[in-house]
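K.L.:
First the structure, then my questions, so here it is.
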Amino acid sequence: MNKQLILVTILAGTLLASCNQATEAVKEKAQTTVAQTNEKVQKVIDELGLVYVEEGAQEVITYEEVNAAQQAWCDALVKIGQLKEEGGDYKTFAQQVLSDAYNYDYGKVFFKPTLAFGDQTFRNDKKGALAYFIGGDPDYPNDKGFALTPWVKARYDNAGEKNEGIQIYGSVAITMGNVWVTDKNGNEVMVDKTWVFKKGKDGKLRIIVHKSALPYKPAK
């Protein structure tokens, strides 16, 4: 009986040692992976000259990605109106834009459109955002479809020189500046624009905050 007890004790000790070794191996591998990731992230931080990245960041957005995301938003706005004019499926395209460009399918989005007001000022769900861009939703009777003007040209410009109007904090980036939209009669409108982008697990940038407003004009 004592021999059996001793044997069981030895086996238990062996299994425990094996488990501990396996756990340590997993920890060591994880630490190595994090170290490698941090080294990669640090390289990007150094190359871009970033100074505000949060400690332990595992992802860093680049200026190039942010600028591309802003231009893609401008291009999509124009494309929605173009499809409407040509008799295309602008509704499906607009829905896809909201899935690709905004974070609605993955989490929160804070969206304050330029021409929204009252109790529908903020469009924090996809339904409200879609109504703003293409109209036609009885729950949003004041929306005529901002993207359906149509706009034939859209461009953006961030505040300051070069990339001064972009702040990068790792997987999150903030921009502040202006967007200019031009209708088919050549009339151009400028709006003040603030965006916050978040990089998803799939590597794509999506908007989590969008604040848009017409510039203040003091009374003469």
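K.L.:
State all residues of region 96-133 that are surrounded by 14 or more Cβ atoms within 10 Å (Cβ to Cβ) and among the β-branched types (Val, Ile, Thr); if no residue qualifies, say none.
P.N.:
Passing the criteria: Val97, Val109, Thr114.
K.L.:
Continuing with this model, one more query. Mind listing whichever residues of region 85-105 are touching a residue at least 40 places away in the same chain (Cβ under 8 Å) and closer than 17 Å to Asp137 by Cα?
P.N.:
Just the residues of region 85-105 that are touching a residue at least 40 places away in the same chain (Cβ under 8 Å), to begin with: 85, 90-91, 94, 100-103.
Within region 85-105, Tyr90, Lys91, Ala94 qualify.
K.L.:
Same structure again: For region 2-112, list the helices (runs of 4 or more DSSP H) that sit wholly inside it and hold at least 3 residues that are modelled with pLDDT of 95 or more and in the same structural domain as Val152 (by TED's automatic domain parsing); which are they? Break it down into steps so the answer makes sense when it comes.
P.N.:
Values: elements: 2-48, 63-85, 90-101.
Those helices (runs of 4 or more DSSP H) span 63-85, 90-101.
K.L.:
Related question: Considering each residue of region 130-157, count those that are within 22 Å of the chain's Cα centre (by Cα) and not in a strand (DSSP E or B), and give that number.
P.N.:
Of the residues in region 130-157, the ones within 22 Å of the chain's Cα centre (by Cα) are 130-134, 146-147, 154-157.
Restricting the remaining residues to those that are not in a strand (DSSP E or B) gives 130-134, 146-147.
Residues in region 130-157 being within 22 Å of the chain's Cα centre (by Cα) and not in a strand (DSSP E or B): 7 in total.
K.L.:
Pairs only if they're at least six apart or on different chains, beta carbon under 9 angstrom, first in region 136-152 and within 17 Å of Lys84 (Cβ to Cβ) and assigned by TED's automatic domain parsing to the domain that holds Tyr90, second of a type in the set (Ser, Thr, Tyr) and surrounded by fewer than 20 Cβ atoms within 10 Å (Cβ to Cβ); list them, first residue then second.
P.N.:
Sorted first by the residue in region 136-152, then by its partner, the pairs are Phe146/Thr114; Trp151/Thr182; Val152/Thr182.
K.L.:
Right, something else. Among the residues of region 158-183, how many are outside any strand (DSSP E or B), in contact with a Gly (Cβ under 9 Å, 6 or more places away or on another chain) and of a type outside the set (A, V, I, L, M, F, W, C)? Reasoning before the result, please.
P.N.:
Restricting attention to region 158-183, the residues satisfying the condition of being outside any strand (DSSP E or B) are 159-165, 169-171.
Among the residues that remain, those that are also in contact with a Gly (Cβ under 9 Å, 6 or more places away or on another chain) are: 159-160, 165, 170-171.
This time we only want the ones that are of a type outside the set (A, V, I, L, M, F, W, C), so: 160, 165, 170-171.
The total comes to 4.
The values are calculated or read from the model by the stated rules, or taken from the named source; none is laboratory data. Predicted model, so just to flag it, every value in this text is computed and none were measured. No Cβ is skipped: glycine too gets one built from the backbone with ideal geometry, and neighbour counts run over all protein chains shown.
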